[in-house]
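The next block holds one structure in the form of structure tokens; read it before the comments.
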Amino acid sequence: MNESRDLKSYFEQKCDGYSSYPALHMADADITYDALNRRANRFAHFLMSLGCRPGDVIAIISDKSIDNYAMMIAALKIGVAYTNIDDDNPIERNESIFRTCSPKAVFSVQKESAMATLCQDMDIAFHEFEAALSDNENNPDTIVTGEAIAYIMFTSGSTGTPKGVSIRHD
């Protein structure tokens, strides 16, 4: 049972109990809980090196890769909220989302894209996943509370304007 009611602790407990079990099964690869945890830790330490802290937001360009999921977990581990962005959305929609949630950084599998240009225009740090890995694979020494925002989901609603809904750890 997760006594602390946060997703960071819950995930790390699962990793302790199921380290050699598959955590993700992708079309081109599988990854165990242990390997996913270590990859997420490397991203988490990179996020901390950028100065990301609880209350900040990062944006992840969704590509449904192992790194995509590892970055989500990394954000959860340090109390940073994340939002997933669809690179196929009209650029105006993504710009509106960025204005609403003010991400400290945006992460993607590819360096060259319209999203990279948008980030440059909006003065938002843009990082390719492979360049965002720290050497530190240890769990970050962070405290995350259940009240912390874990994820921001954007919907269009009836107006067509993106609206963010915050989901907490608990």
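Things to note:
- Beta bridges by DSSP in the chain, antiparallel share as percent, to the nearest 5: 40
- Dipole magnitude of the chain about its Cα centre (Cβ charges: Lys, Arg +1; Asp, Glu -1), debye to nearest 20: 440
- Rounded to the nearest 20 debye, dipole of region 9-88 from Cβ charges on Lys, Arg, Asp, Glu: 380
- Among P90, P103, P54, residue whose mean-square fluctuation peaks in a GNM of the chain (springs only between Cα atoms under 10 Å): P90
- Anisotropy class of the chain from Cα gyration tensor, a/c 1.5 cut: prolate
- Full-extension gain in nm, E130 to T159, via 0.36 nm per residue minus C-alpha separation: 6.7 nm
- Extension gain, M26 back to D170 (0.36 nm per residue minus Cα-Cα distance, nm): 49.1 nm
- Cα gyration tensor shape for region 36-88, rounded if a/c is under 1.5, else prolate or oblate: oblate
- Estimated FRET transfer efficiency (E147, Q13; beta-carbon r; R0 22 Å; 0.05): 0.70
- Residue with peak Gaussian network fluctuation, the chain [Cα springs, cutoff 10 Å], from E12, E147, E112: E112
- Shape parameters for region 77-144, alpha-carbon atoms, Rg then Dmax in Å: 13.5, 39
- By the rule of a C-alpha distance below 16 Å, with chain neighbours fewer than 8 residues away ignored, the aspartates and glutamates paired with K163 are D86, E92, E95.
- Cα lying deepest toward the dipole's positive end in the chain, options I149, A74, T32, charges on Cβ: I149
Values in this text are rule-based calculations from the coordinates and carry no lab data. Keep in mind that what you see is a predicted model, and the values were worked out from it rather than measured. Note: ideal-geometry Cβ built from the backbone for every residue, glycine included; neighbour counts use all protein chains shown.
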